Structure formats: structure tokens, C-alpha cells
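The values are calculated or read from the model by the stated rules, or taken from the named source; none is laboratory data. Just so it is clear, the structure is predicted and the values come from calculations on it, not from any experiment. Methodologically, a virtual Cβ is constructed for each residue, glycine included, from the backbone with ideal geometry; neighbour enumeration extends over all protein chains shown. When the accessible area is computed, the model is the full protein with side chains, heavy atoms only, and any ligands, DNA or RNA have been set aside. Shrake-Rupley method; radii C 1.70, N 1.55, O 1.52, S 1.80 Å.
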Amino acid sequence: MASTEHAPSYAHLEFDTPLYRTAVAQFDQAVPYADVADGVAERLRYPERSVIVGCPVRLDSGQRAVFPGYRVQHSSVLGPTKGGVRYDPHVSLGECAALAVWMTWKCALLRLPYGGAKGGVRCDPRAMSRAELERLTRRFTSELLPFIGPQEDIPAPDMATNEQTMAWMMDTYSMQRGHAVPEIVTGKPISIGGSVFRHEATGAGVVMVIARACERLGWRLSEQRCVVQGFGNVGGIAAQELVDRGALVIGVADHSGGVWDPAGLDIPTMSQYALEHRSLEGWEVGTRISNEELLELDCDILVLAAREDQIHGDNAHRLRCRMIAEGANGPTSLEADAVLRERGIPVLPDILTNAGGVTVSYFEWVQDLGRLFWGRDEIRAKLAEKLNDAFDRVWEIGGEKGISLRTAALVAGIREVGAALDARGLYP
Ligand code: NAD
């Protein structure tokens, strides 16, 4: 499209932002190794659908506010689109588009019958009451009704959204349909068709991928000193899983800053504190440090589980870890990737490392459609099997082509989507 004189370049489209350009640049690095036709590659540079909605909400004060909401669906060639919903002041069309692109490669890499989507509402969730968040969620869901569905697009939790948010979305959708539709969202409470292992899935998956990488590198996970940035659903659970496997977690951070103790932190107590206080603000044990200092701590494994764009050209030279695991989406810039590769620091890429969430979401959707539910051990075992299979393919492609694990993971995902697009052909 961009290469013909009749179509505008994507540089003029509304989702074209620095994060989206990072997603496209990563794609461009991987495409030459993926053996897909030029026309197919060109199609995959663009989301299929990008929606902006306005969500008017009655605030507790009695006043009304209108919040912009977004949903971007990147590719539906393999099945319904799938992706999280985030509430954050930085949510934009470009951010959602980039995250939707990554979701496509992630689902394909894991061989799930889904394409990528992402959405969110631009708001400050920490400044809103539970009742305001409920009204916002219900209105956002209503605005998206023409675009979502169990066979069209299936939302899930992401930053600042959780099981309760998904319950409100499921209820709003179901009330419109006239019957319960649990398969419209994943990551919902177990009482309405949620999966017993979904809450822990992303963080547990991060540590399964780290464990596999340690095996390949000949490291013992139980001897590693770890730092975790982000102490929410992904980071909090990953920190606990690391401790459960005998590793030492010496630093964690959330939006209130970092905490460091070279002798190891008491993760269960800190998790309880963060749950009760909605953050680690006020936590007194250990040395308080800034987020920037946390990223540069001397450690073996640095887990990035907060948000995008944390490791960049300015700080990549200063990191003192031996390996990075991306629990968050897009935490490492292209420039940083190049620096880390030169320094020999392996990066376990987001589309592989945090894929536990969408994989167990897929299990949840399958269980909802079949109205037949599996136990925790079965789900955990199926997840490990899926992640290990994906890891081994990525490791093999990386070694065979002499490319980074990120590019190898993208190649594996792009190949699956490219083959499907090729087989289906161009409509009409
Ligand atoms: P969350 O809201 O539960 O937690 C985010 C954490 O990051 C919080 O502790 C927050 O305080 C912290 N944080 C925010 N900004 C920060 C900053 N500048 N510095 C340090 N900490 C900061 O969200 P989550 O679900 O854990 O998601 C975290 C990341 O993982 C996001 O990139 C998300 O897209 C990605 N992800 C989440 C899932 C999932 O299942 N929840 C799945 C795949 C990927």
C-alpha cells in the first residue's frame, strides 16, 4: 500500500507514533528471515481496524466526563482477535496499534488460533473510585459492542484492569445478548467461567521461560539474583515464582519507586502490602531507590514487568544484569536491543516471555465454549508444554540464522501468519 503512488504512506495515518514505528521496525528486521511474499508483508504492516470511541461517565461528584477509548484489531486471519484492555493516562491509538501488532506475533508464535488486538481508555485509574471505574467499563463495553464478540474480538485484562473489570465487561455484553456469554472475555472471576490459573499465568509463564533459558545457558535458576520492575499482576507473581524456585529477589519497583536489599526481599509480605495499599508506597524495609537506579542494579536476571520503553539508548550501556526477561510489552527500544546484543546480554523477548497470559486465556475461552473446566495442575502443565515448545523453536531459529531471540520469535510468529494469509488469498 505505502509503496504505490495511489495510497497514502502510513506515516500519515493516525496510529503512526514512535511505539508503532518500533513495532514496524522490528517487523522489518524479521521479515527477511520469514520467507513471506512482499504483498503479505505489506498487509501485516497495518492494523485491520482501529476504533476510537468517546465514553461519557457520571462521576461521583455528579459531574460528567468524557474519556477517549480505543480498540485496535491487527489481524483476524487465524481467528478472532485477542488482547488486553488498559486504563492509563498514556493510552493512545498508536500505543494500542503497536501492542495489537505484538499480540498477533505472540498468538501465532504460541500457535493459538487468534490474531492480535489491544484497547484501553485514557484515564487516571488511581484517581477514580470503584463505582466510576464500573460505569466507565460498562460504557466502554457498550461503545465497543459492534466490534467485539467471542468469534470476533475477545478482551482481557492489562495495566490497571483486572478480574472485576472483566466481570463488568462480561455482564454488560451478556445483558445486551440476553444470556450469559462467558467466552466474550478472558481473565474473569472463576465464579463466572474464569480459569483457575489465569491470574498467575503471565507471571508464572515469565518464570517458565526464564527457567528454560537458564537450562540452555547452563545456569542454575536457584543461584540467580533477580530484580523485578513492576509489582502488579505480572511482576508480583513473577517475583513470587522466582522465590518459589529458590532464586533471590533483591530488588522490586512499582510506580512509587524501588526497594533494594542485596540479602533478598520478603516478597510474600510485600505482595500483601501492595494489595492492601494499591502500591508499595510507604513500605519501609530495605533501601528505597529510584526506578532508574533499580534498572541499573548489579544482578543476574532483570525482569521488566511494568510498561513499555524502559531500556533505551541512554541506560542500556549502564545495565549490570546478565539476562533480561521482558514480562511487559515493548520495554526495550530498538537502540537498546542493539547495545545489549553487542554486550552479549540475552533478551528473552516479550512475545515469548509474557505469552503465558494469552495462552491460558485461550484455554479459558476453549473451556467456556465447551462448558467443561480443567484443574490447575492440568492447565499449568499444558502452559509449560506450549511455552517450552515455543521457546525451543525460537532458540533453534536464533541459532540457525544467527539472529537475536527477539527477531527469531518474530520470525516464528510472522511465518505462521504469512502462511495463513497466503493460503487464504486476498479478498475479493
Ligand atoms: P498492573 O497494572 O497489574 O501492574 C503494573 C505495575 O507496574 C504496577 O506495579 C505499577 O505500579 C508498575 N509501574 C507502572 N509504571 C511504572 C514505572 N514507570 N516504573 C516502575 N513501575 C511502574 O499491570 P500488569 O498486568 O502487571 O502489566 C504489566 C505489563 O505486562 C504491561 O506491559 C502489560 O501489557 C504486560 N502484560 C500483562 C499481561 C497480563 O496478563 N496482565 C499479559 C501480557 C503482558
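Can you pull out the residues in region 162-201 that are open to solvent by 10 Å² or more (accessible area, probe 1.4 Å), part of a helix (DSSP H, G or I) and closer than 25 Å to CYS226 by Cβ?
ARG198, HIS199, GLU200
Which one is farthest from GLY187 (Cα to Cα), of the residues in region 224-235 that are within 16 Å of the ligand (Cβ to nearest atom) and open to solvent by 10 Å² or more (accessible area, probe 1.4 Å)?
To start, the set of residues in region 224-235 that are within 16 Å of the ligand (Cβ to nearest atom) comprises 226-235.
Of the ones still in play, those that are also open to solvent by 10 Å² or more (accessible area, probe 1.4 Å) are 231-234.
Values: PHE231: 18, GLY232: 15, ASN233: 11, VAL234: 13 Å.
Filtering region 224-235 for residues that are within 16 Å of the ligand (Cβ to nearest atom) and open to solvent by 10 Å² or more (accessible area, probe 1.4 Å), the one farthest from GLY187 (Cα to Cα) comes out as PHE231.
In this structure, is SER333 touching a His at 6+ places or on another chain (Cβ under 7 Å), more than 12 Å from the ligand (Cβ to nearest atom) and in contact (Cβ under 8 Å) with a residue 12 or more places away in the chain?
Values: touching a His at 6+ places or on another chain (Cβ under 7 Å): yes; more than 12 Å from the ligand (Cβ to nearest atom): yes; in contact (Cβ under 8 Å) with a residue 12 or more places away in the chain: yes.
Here the answer is yes, as SER333 does meet what is asked.
Please work out which residue is farthest from ALA211 (Cα to Cα), limiting yourself to region 277-288 and to residues that are surrounded by 19 or more Cβ atoms within 10 Å (Cβ to Cβ) and of a type outside the set (Gly, Ala, Ser). Quick ask: steps written out before the conclusion?
In the first step, residues of region 277-288 are kept if they are surrounded by 19 or more Cβ atoms within 10 Å (Cβ to Cβ); the result is 280, 283, 286.
Pick out the ones that are also of a type outside the set (Gly, Ala, Ser) and you get 280, 283.
Working: LEU280: 27, TRP283: 30 Å.
Filtering first and then ranking leaves TRP283.
Return the residue satisfying two criteria in turn: it lies in region 80-104 and is within 13 Å of the ligand (Cβ to nearest atom) and over 16 Å from PHE15 (Cβ atoms), and of such residues it is nearest to the chain's Cα centre (by Cα).
Only one residue fits best here, namely GLY84.
Considering only residues that are in contact with a strand residue (DSSP E or B) (Cβ under 9 Å, 6 or more places away or on another chain), closer than 22 Å to ALA23 by Cβ and not aliphatic (A, V, I, L, M), which ones fall in region 309-337? Write out each step before concluding.
Step one: list which residues in region 309-337 are in contact with a strand residue (DSSP E or B) (Cβ under 9 Å, 6 or more places away or on another chain), which gives 309-312, 316, 319-329, 331-333, 336-337.
Going one step further and asking which of them are closer than 22 Å to ALA23 by Cβ, we end up with 309-312, 316, 324-329, 331-333, 336-337.
Listed by number, the residues that qualify are ASP309, GLN310, HIS312, GLU326, GLY327, ASN329, PRO331, THR332, SER333, ASP337.
Do you know which of the residues in region 417-428 that are in contact (Cβ under 8 Å) with a residue 12 or more places away in the chain and more than 12 Å from ASP35 (Cβ to Cβ) is surrounded by the most Cβ atoms within 10 Å (Cβ to Cβ)?
Looking at residues that are in contact (Cβ under 8 Å) with a residue 12 or more places away in the chain and more than 12 Å from ASP35 (Cβ to Cβ), I get VAL417.
For the condition closer than 30 Å to ASN291 by Cα and away from the ligand (no atom under 16 Å from the Cβ), what is the one hit in LEU387, LEU348, LEU340?
Working: LEU387 fails: away from the ligand (no atom under 16 Å from the Cβ); LEU348 fails: away from the ligand (no atom under 16 Å from the Cβ).
Result of the check over LEU387, LEU348, LEU340: LEU340.
All but one of (1) open to solvent by 40 Å² or more (accessible area, probe 1.4 Å); (2) part of a loop (DSSP other than H, G, I, E, B); (3) more than 13 Å from the ligand (Cβ to nearest atom) hold for GLY264, so report the exception by its number.
Going through (1) open to solvent by 40 Å² or more (accessible area, probe 1.4 Å); (2) part of a loop (DSSP other than H, G, I, E, B); (3) more than 13 Å from the ligand (Cβ to nearest atom) one by one, GLY264 breaks only (1).
In the list ALA306, ALA274, which residue meets the criterion of being within 23 Å of ASP88 (Cα to Cα) and open to solvent by 30 Å² or more (accessible area, probe 1.4 Å)? Please lay out each step first, then the result.
Numbers: ALA274 fails: open to solvent by 30 Å² or more (accessible area, probe 1.4 Å).
It is ALA306.
Hey, could you check region 311-323 for residues that are surrounded by fewer than 23 Cβ atoms within 10 Å (Cβ to Cβ) and within 14 Å of the ligand (Cβ to nearest atom) and say which is nearest to the chain's Cα centre (by Cα)?
HIS312
Based on this model, can you work out whether ASN291 counts as surrounded by fewer than 20 Cβ atoms within 10 Å (Cβ to Cβ), within 14 Å of the ligand (Cβ to nearest atom) and over 27 Å from GLU396 (Cα atoms)? Please lay out each step first, then the result.
Details: surrounded by fewer than 20 Cβ atoms within 10 Å (Cβ to Cβ): yes; within 14 Å of the ligand (Cβ to nearest atom): yes; over 27 Å from GLU396 (Cα atoms): yes.
Answer is yes for this residue.
How many of the residues in region 385-406 are open to solvent by 70 Å² or more (accessible area, probe 1.4 Å) and in contact with a helix residue (DSSP H, G or I) (Cβ under 9 Å, 6 or more places away or on another chain)?
4
Taking the options ALA211, ALA204, name whichever one is within 16 Å of the ligand (Cβ to nearest atom) and in a helix (DSSP H, G or I). So that I can check it myself, show each step before the final result.
Values: ALA211 fails: within 16 Å of the ligand (Cβ to nearest atom).
None of the other options fit; the residue is ALA204.
Look through LEU217, LEU221 and report the one residue that is away from the ligand (no atom under 15 Å from the Cβ), out of contact with any helix residue (DSSP H, G or I) (no Cβ under 9 Å at 6 or more places or on another chain) and closer than 22 Å to ALA355 by Cβ.
On the way: LEU221 fails: out of contact with any helix residue (DSSP H, G or I) (no Cβ under 9 Å at 6 or more places or on another chain).
Going through LEU217, LEU221 in turn, the sole match is LEU217.
Which one of the conditions (1) open to solvent by 10 Å² or more (accessible area, probe 1.4 Å); (2) within 13 Å of the ligand (Cβ to nearest atom); (3) touching a Phe, Trp or Tyr at 6+ places or on another chain (Cβ under 8 Å); (4) modelled with pLDDT of 95 or more does MET159 fail to meet, given that it meets all the rest?
(4)
Scan region 364-384 for residues that are open to solvent by less than 10 Å² (accessible area, probe 1.4 Å) and either farther than 25 Å from LEU99 by Cα or away from the ligand (no atom under 13 Å from the Cβ) (or both) and report the count. Don't jump to the end; show me each part of the working.
Kept after step one, since they are open to solvent by less than 10 Å² (accessible area, probe 1.4 Å), are these residues of region 364-384: 364, 367-368, 379, 383.
Filter once more, so that each one left must be either farther than 25 Å from LEU99 by Cα or away from the ligand (no atom under 13 Å from the Cβ) (or both): 367-368, 379.
Adding up the residues that qualify gives 3.
Mind checking which residues of region 236-261 are assigned to a helix (DSSP H, G or I), open to solvent by 30 Å² or more (accessible area, probe 1.4 Å) and away from the ligand (no atom under 14 Å from the Cβ)? Spell out how you get there, then give the answer.
Here is the first cut: in region 236-261, the ones assigned to a helix (DSSP H, G or I) are 236-244.
If we keep only those that are open to solvent by 30 Å² or more (accessible area, probe 1.4 Å) as well, we get 237, 240, 243-244.
Selection gives VAL243, ASP244.
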